[in-house]
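Participant: I have a structure I would like to understand better, so I am pasting it below and will then ask my questions one at a time.
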Amino acid sequence: MKEFNLELPQNELVLEEAYLARVIGYIQEEILRNTQKKRQVYDEIIEYRKGQLDEYRSDEDKQIDYFDHERYVQEESFKSVEKRLTELTELAGTPYFGKVLFREKGAEEEGIYIGKYGLVDEESYDPLIIDWRAPIASLFYKGSLGRDKYQAPLGDVEVDITKRRQFLIRDAELHGVFDTESDVRDEILLEVLSSNVGKKLKDIIMTIQEEQDKIIRDRREGVVVVNGVAGSGKTSIALHRTAYLLYNHRKLLENKVLILGPNNMFMDYIAQVLPSLGEGGVHNNTFKDLALSLLNYHGPIFMGEDYTEALISGDEELMEDTRKKRSAAFQEALEQQVDITERTYFEFREIRFQEVVLMDAEEMERILLRDFKHMPFFKRAERLKRMLAKRLKDARDVKRLAIDKKYEELRKKMKASGEDTSEWRNMRRTDIRRLMAQVSLARDTFREFAQGDYFNAYVPFKTFDFLTEADIAPMLYLKHRLHGVKLPFTVQHLVLDEAQEYSLLHFKALKEITGCTSMTIVGDVNQMILAGESPMKDLSSVFDQVRPYHLTRSYRSTFEIMDFANRFLKENKIVPLVRNGKPVTEHLEVDLDAAVDLIAQTVENYRRDNLDTVGILTRDMETTRQLHRLLRKKINVKLIDSEDALLKGDLYIMPAYFAKGLEFDGVIMAEKASGDAEESLIHYIMATRALHELTRITFRDLHFY
Ligand SMILES: Nc1ncnc2c1ncn2[C@@H]1O[C@H](COP(=O)(O)OP(=O)(O)OP(=O)(O)O)[C@@H](O)[C@H]1O
């Protein structure tokens, strides 16, 4: 690895080396202690198990009970010891990466070391390492020295920050140490950003920037909305914020965070970040999959890549329908439909059982439209059905009692006069049977009350004779309004990534279904697949306590790449962090054969430049498939033609809309020459996927064969 100057005065360096040695020594002892503890827990379990088996040799139920309980205890103690061992093993290589010196009012200067996990010397109670998520660790991520504050459980604490020091420690050795007055940045950040990406998104705790840290540590309550340019760290921020919130509100949030991303490929791409920060127990999904399972809809639906393809290829009808279904007017129309459904779904009428009126039309209307207005409509109908069933039962009991009474009197009379009573029994049975048949008939008149179907109410909104992706959020919203939709788990914090694609109805449906008031919403309004207004820009009409953030600085790409990508933006341009790289290369309007050769050649050049992952990004699926057919004769490239594909390997070809949120060391934009200004957003998405090198190749008049 690259060595940095160890630029401290000799005496300070000696002190730092000594501290590192102390901490590493302590970690190793802790590893030993925990390994023994693990062994001990294990042995105890084995011993105990043997004893139990002997004792309950003949009682299978007891044995099963025991194993259920034992498995639980075993899992709990094992989990915690194992988790700690994993953390300690990681700390043994890089125990910390930062230090901050500060003085509280009237107190001595003190210093704390910041690492991925906390560590306390159990004898002296000295905090050897402070977890980066602890409130006091925020001092390390502040933009400057001097007066500042951090949030403690009992309120803000004012401090004077006197020094901020960064360390590069690998394999328990000190490779670099710097004092930085301003943001955590400079050489370490540039070094991190200059390295190759790897196949999955990584954590950024060593180099979180102040503007990012503010969002990560913003308070739990309310809705944080981040609109940021490509590469500004939105996904990273959302995930680090999740880890931060879990650490500081574990009881409330454990297993109660839901992260929704755009597709499964993206979810897989970000899957490592939270575990690498020591956090699990978070629910992940895509909006589509979650919604379809809540809708319990298994019919055909035009969605995913087919739908996106149709949109970007300019299918006017589909675009218009999509725009319509994203609009505020459409939400209004759905509300009206709820209203119409409530008033017309059932006929308000008298319901009788023989001569008994179980409910008159007026009461039925009152129950369905007024008394239980706070409940979803079909829930009210279920309630109505239960009320009717109860009244029917009561009426039946009265009748039944009357039958019993009638025959009892008859029996007495016949007995007194010495008549044969066998006949009355049959008559009684027939009467009861008749009564039950009438009850059943009466029940049939309101049996269907509990079977309301939201889908019927949605039918008038179907534009085509099939459903499309644009119908999913409205259907979910409508189902929720009519039936009340419930998630199978509790959500206390909701994270939405790539949220520029969400319509008002998405936000409303999610808010109401989860009942969640704490959210982190991130997206880039410049990366919408179908250009238009994104409600993400102002969510105050949907949520309370909205705190918007705007990020313009990008960390992903070189200066040259960002400068190039800015061409495709009219406003809100990216502010590049100055990290220079190779110039962007363009080969415009070449013949197809030459283009294929150029792509293969560029991949080879990228390899020579030590780039690991390379993405060949096209505009649509047809170009992707055809180019893949031509390219695979020359290079081994993986075709990504489904949003559920797995990113295996290191050279891919895919349409740009799949690459949203992903990144590659080198990117080749490969497309037909068209000069269509409408495509600038797609170009922006393509260009901003690249970290180190970017090449654009356009080919003339493509006649694929
Ligand atoms: N403070 C940071 N230190 C180091 N790397 C960072 C930092 N912030 C962001 N990055 C890196 O920049 C890249 C972009 O981050 P991320 O994917 O989170 O951005 P994004 O805003 O979600 O991008 P997109 O809009 O393209 O989805 C990642 O490689 C990430 O690791």
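What follows draws every value from the coordinates through simple rules; no lab data is involved. As the structure is a prediction and not an experimental result, all values here were calculated from the model. Cβ coordinates were reconstructed from backbone atoms using ideal geometry, including for glycine residues, and neighbour counts include every protein chain displayed.
Participant: What number comes out for the charge environment of residue 634, summing +1 per Lys or Arg and -1 per Asp or Glu over other residues with Cβ under 10 Å away?
Facilitator: Details: positive: 632, 633; negative: 597, 604.
After counting each charged neighbour, the total is 0.
Participant: Continuing with the same structure: Which order do the peptides 456-467, 134-145, 556-567 come out in when sorted by mean C-beta neighbours inside 10 angstrom, highest first?
Facilitator: Values: 456-467: 14.0, 134-145: 19.8, 556-567: 21.8.
Put in order of decreasing packing, that is 556-567, 134-145, 456-467.
Participant: Also: Summarise the long-distance tail of P(r) for region 353-450 by giving the % of C-alpha pairs beyond 17 Å.
Facilitator: Working: 2854 of 4753 pairs.
Result for the distance tail: 60 percent.
Participant: Need one number: % antiparallel among DSSP beta bridges in the chain, to the nearest 5. Display every interim value, and only then the final one.
Facilitator: On the way: 31 of 84 bridges.
Given both bridge residues lie in the chain, the antiparallel proportion sits at roughly 35 percent.
Participant: Please give the contour-minus-distance gain from residue 544 to residue 412: 0.36 nm per residue of separation, less the Cα-Cα distance, rounded to one decimal in nm. Intermediate results must be reported in sequence, preceding the final value.
Facilitator: Working: separation 132, 0.36 × 132 = 47.52 nm, distance 7.41 nm.
Residue separation times 0.36 nm, minus the Cα-Cα distance, leaves 40.1 nm.
Participant: Let me ask you something else. Is it possible to state the helix-based mean residue ellipticity at 222 nm for the chain, with each DSSP H run of 4+ residues giving -39500 (n - 2.57), the sum divided by total residues, to the nearest 500 deg cm²/dmol? What is it? Mind dumping the intermediate values first?
Facilitator: Working: 22 runs with 315 residues, N = 705.
Dividing the helical sum by the residues of the chain leaves -14500 deg cm²/dmol.
Participant: On to the next question. Quick check: residue separation of residue 210 and residue 45 times 0.36 nm, minus the Cα distance between them. What number comes out in nm?
Facilitator: Values: separation 165, 0.36 × 165 = 59.40 nm, distance 4.79 nm.
Extending this stretch completely gives an extra 54.6 nm.
Participant: Right, something else. Which ³J(HN,Hα) values in Hz, rounded to whole numbers, follow from the phi angles of region 214-219 under the Karplus curve 6.51 cos²θ - 1.76 cosθ + 1.60, where θ = phi - 60° and Gly and Pro get x?
Facilitator: Calculated HN-Hα couplings, in order: 4, 6, 4, 9, 4, 5 Hz.
Participant: A follow-up question, please. In terms of modelled amide H atoms, which long-range or inter-chain residues lie less than 5 Å from the amide H of residue 587?
Facilitator: Long-range HN contacts for residue 587: 696, 697, 698.
Participant: Note the angle between two axes, namely the Cα long axis of helix 592-608 and the longest principal axis of the Cα atoms of the chain, as a number of degrees from 0 to 90, rounded to the nearest 10.
Facilitator: Once rounded, the angle reads 70 degrees.
Participant: Continuing with this model, one more query. From the cross-link list 99/142; 379/511; 199/633; 486/537, which pairs have alpha carbons spaced over 22 Å apart?
Facilitator: Values: 99/142 12 Å; 379/511 20 Å; 199/633 25 Å; 486/537 28 Å.
Going by Cα-Cα distance, 199/633; 486/537 fall outside the 22 Å limit.
Participant: Go from 0 up to the bin containing the longest alpha carbon distance in the chain, width 20 Å each, and give me the % of pairs per bin.
Facilitator: P(r) over the chain, rounded to whole percents: 14, 36, 30, 14, 5, 1, 0.
Participant: Any aspartates and glutamates with Cα under 19 Å of the residue 479 Cα? List them, leaving off those in the same chain fewer than 8 positions away.
Facilitator: 289, 332, 335, 339, 342, 382, 448, 453, 469, 471, 512
Participant: A further question follows. Which ³J(HN,Hα) values, rounded to whole Hz and listed in residue order, are derived for region 389-400 from phi using the Karplus coefficients 6.51, -1.76 and 1.60 in 6.51 cos²θ - 1.76 cosθ + 1.60 with θ = phi - 60°, glycine and proline given as x?
Facilitator: 4, 5, 5, 5, 4, 4, 5, 4, 4, 4, 5, 4
Participant: Let me ask something else about it. Which whole-Hz couplings ³J(HN,Hα) result when phi for each residue of region 516-526 is put into the Karplus expression 6.51 cos²θ - 1.76 cosθ + 1.60, θ = phi - 60°, listed in order with x for Gly and Pro?
Facilitator: Per-residue couplings from phi come out as 8, 10, 10, 9, 10, 10, 10, x, 9, 5, 7 Hz.
Participant: Which residues' amide hydrogens lie under 5 Å from the amide hydrogen of residue 549, considering only partners 5 or more residues apart or on another chain, with H built in the peptide plane?
Facilitator: Long-range HN contacts for residue 549: 225, 226, 227.
Participant: With the cut-off at 1.5 for a/c, could you classify region 577-699 from its C-alpha gyration tensor as rounded, prolate or oblate? Display every interim value, and only then the final one.
Facilitator: Values: a/c = 1.11, a/b = 1.06, b/c = 1.05.
Note, shape of region 577-699 comes out rounded.
Participant: Measure up 234/325; 50/79; 234/573 against 20 Å on the Cα-Cα distance and list the ones that go over.
Facilitator: Numbers: 234/325 27 Å; 50/79 22 Å; 234/573 16 Å.
As for pairs spanning more than 20 Å Cα to Cα, those are 234/325; 50/79.
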